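Report on one structure; see the data block that follows.
The values are calculated or read from the model by the stated rules, or taken from the named source; none is laboratory data. On a predicted model such as this, the values are computed, not experimentally measured, just so you know. Heads up, the Cβs are rebuilt from the backbone with ideal geometry, glycines too, and the neighbour counts pull from every protein chain shown.
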């Protein structure tokens, strides 16, 4: 399976790679494309406790500002410092080097699979 | 993630397509709704498109803009009454930036007016204001021997902007000037001057105007020929580094150049002088025009507007977070709200955040340090003289 197929998604355009109690989170290529060139990323500090659905960061492009929502309830265990220094990674490799945060979690909420997410972005 | 761009128009309804739509699709454009039009917001990267215009050239589709013809023996007199600038003083072959005002002195739209004949003017309006401008001109031309015709559907508009524009345009096959060689005609064409020419034997109007702060040209052409000219310019300019450029880069380019945008810096609640556009209002004679008395009184057109009594300034900050349209501006030392951001972005050319804002006149002196509330945190912003960016000439 391709990485795109393995990932889960939120309706707010985050992707989630839910590993062993830790979710790696980024924004989808669709979201990055809608934002345009990302020039600034504001991420939470490691150790921050976050709730599913709460805003935990901001992604700014030249044109607009997007909020990053946590898909899970838990604790931020790692943030991608590379993306803070080089925000264009969100555009160039959104599902890879452009990952944003890793959040530990107890329970994984219901998330979308690729088909469900794709139908969401093609409706609009 | 949610896109919270407050400036995106939410206009639903009929979807209008540019005569270049298929070309944009073929170039892989992302589209945005602009005043009911599906227009390219970017083709690949808005930053790359921005930089291409500053260093080489970019090609924009502006076919959504409104083109309104005013013709007849009284055309100049009708426009003298309808607009804030004195169009009767405009020589044939020249263009003028002007405003159309309400009785209360507020800005209905900013316009470029071309005099294309003794009794003939082309009025170019923003896409979102095409209808209101045409209707207002028609009403104000009542009693004059002048006709107002909205020709927007029959005129396409593209703009080539950037330092290599003249060189590229001069080499486009089948693009000819009516008088002399196209290269010489373009070279000698002054800023805000127009030349008549032809492309594939059909008439075109080429103006040395733009909205980017760079040298460049705007070309008016029949919709059924615009695709061919668009492709020819991109092909001719490929070696020189031309790229198709979308509305996202157009917005950051005009912002750096300190040029106002209707709906942001301009509106019916703003007097021209507040926006630094006093020069576009001709008060030097006793000509009667709509809005004159209100402009001279200086009274706010809409006293309850957050912009009332405030003046437009440039704000420059450090770091990478930009103030955006709608963000409040505060005095640096306290909690007094002294203004409102109308446009802002991290400047691609300068590398720091810039914004245009309306602030209290007492805070408008260059060097004054203010702060912008960026979604709950304050960033320092220094008042600077507009424009932020000026090309070396």
In the range A:1-18, what count of residues is obtained for those that are at pLDDT 95 or above and away from every other protein chain (no Cβ under 14 Å)? 3
Of all residues making up the range B:158-210, the number that are within 26 Å of residue B:120 (Cα to Cα) and assigned to a strand (DSSP E or B): 19
Residue B:78 meets each of (1) more than 30 Å from residue B:285 (Cα to Cα); (2) at pLDDT 95 or above with one exception, condition (1)
Specify which of the listed residues (A:89, A:120, A:108, A:43) is in contact with a helix residue (DSSP H, G or I) (Cβ under 7 Å, 6 or more places away or on another chain) and over 22 Å from residue B:46 (Cβ atoms). A:43
Out of the residues in the range A:43-71 meeting the condition of being surrounded by fewer than 18 Cβ atoms within 10 Å (Cβ to Cβ) and part of a strand (DSSP E or B), tell me which one is farthest from the other protein chains (Cβ to nearest Cβ). A:49
For residues in the range B:54-80 being part of a helix (DSSP H, G or I) and either in contact with a strand residue (DSSP E or B) (Cβ under 7 Å, 6 or more places away or on another chain) or in contact (Cβ under 8 Å) with a residue 60 or more places away in the chain (or both), which is nearest to the other protein chains (Cβ to nearest Cβ)? B:54
Could you look through the range B:312-322, keep only residues that are in a strand (DSSP E or B) and buried (at least 19 other Cβ atoms within 10 Å of the Cβ), and pick out the one that is farthest from the chain's Cα centre (by Cα)? B:315
Tell me, please, whether a residue that is out of contact with any helix residue (DSSP H, G or I) (no Cβ under 8 Å at 6 or more places or on another chain) and in a helix (DSSP H, G or I) can be found in the range B:139-157. yes
Among the residues of the range B:39-53, what is the count of those that are part of a helix (DSSP H, G or I) and buried (at least 22 other Cβ atoms within 10 Å of the Cβ)? 6
Within the range B:220-236, track down each residue that is surrounded by 21 or more Cβ atoms within 10 Å (Cβ to Cβ) and out of contact with any helix residue (DSSP H, G or I) (no Cβ under 7 Å at 6 or more places or on another chain). B:220, B:226, B:229
Name, by its number, the condition in (1) surrounded by fewer than 22 Cβ atoms within 10 Å (Cβ to Cβ); (2) in a helix (DSSP H, G or I); (3) more than 10 Å from every other protein chain (Cβ to nearest Cβ) that does not hold for residue A:91. (3)
Among residues of the range B:18-38 being in a strand (DSSP E or B) and under 21 Å from residue A:29 (Cα atoms), the residue nearest to the other protein chains (Cβ to nearest Cβ) is B:30
Scan the range B:263-276 for residues that are surrounded by fewer than 20 Cβ atoms within 10 Å (Cβ to Cβ), within 30 Å of residue B:163 (Cα to Cα) and touching a strand residue (DSSP E or B) at 6+ places or on another chain (Cβ under 7 Å) and report the count. 2
Residues in the range A:78-86: is at least one under 19 Å from residue A:110 (Cα atoms) and touching a strand residue (DSSP E or B) at 6+ places or on another chain (Cβ under 6 Å)? no
Note on the range A:21-42: residues over 24 Å from residue B:353 (Cα atoms), within 14 Å of the chain's Cα centre (by Cα) and not in a strand (DSSP E or B) are A:28, A:29, A:30
Please work out if residue B:201 is out of contact with any strand residue (DSSP E or B) (no Cβ under 8 Å at 6 or more places or on another chain) and either modelled with pLDDT under 95 or crowded, with 16+ Cβ neighbours inside 10 Å (or both). yes
Could you tell me which residue of the range A:19-42 is nearest to residue B:374 (Cα to Cα), considering only residues that are away from chain B (no Cβ under 14 Å) and surrounded by fewer than 22 Cβ atoms within 10 Å (Cβ to Cβ)? A:24
Go through (1) within 14 Å of chain B (Cβ to nearest Cβ); (2) at pLDDT 95 or above; (3) crowded, with 22+ Cβ neighbours inside 10 Å one by one and return the number of the condition residue A:103 breaks. (1)
(1) surrounded by fewer than 21 Cβ atoms within 10 Å (Cβ to Cβ); (2) assigned to a strand (DSSP E or B): which one isn't true of residue B:111, the others all being true? (1)
Here the residues within the range B:211-248 that are in a loop (DSSP other than H, G, I, E, B), closer than 30 Å to residue A:35 by Cβ and under 21 Å from the mean Cα position of the chain (by Cα) are B:211, B:212, B:213, B:214, B:245, B:246
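Matching residues to (1) within 13 Å of chain A (Cβ to nearest Cβ); (2) in contact with a helix residue (DSSP H, G or I) (Cβ under 7 Å, 6 or more places away or on another chain):
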{"site": "B:302", "(1), (2)": "no, no"}
{"site": "B:311", "(1), (2)": "no, yes"}
{"site": "B:335", "(1), (2)": "no, no"}
{"site": "B:346", "(1), (2)": "yes, no"}
{"site": "B:351", "(1), (2)": "yes, no"}
{"site": "B:354", "(1), (2)": "yes, yes"}
{"site": "B:362", "(1), (2)": "no, no"}
Selection count where residues are crowded, with 16+ Cβ neighbours inside 10 Å, out of contact with any helix residue (DSSP H, G or I) (no Cβ under 9 Å at 6 or more places or on another chain) and in a loop (DSSP other than H, G, I, E, B), scope the range B:277-300: 1
For residue B:274, all conditions in the list (1) part of a helix (DSSP H, G or I); (2) over 26 Å from residue B:323 (Cβ atoms) hold save one; what is the number of the exception? (2)
Take the range B:237-262 and flag every residue that is free of Cβ contacts under 8 Å to residues at least 40 places away in the same chain and surrounded by 22 or more Cβ atoms within 10 Å (Cβ to Cβ). none
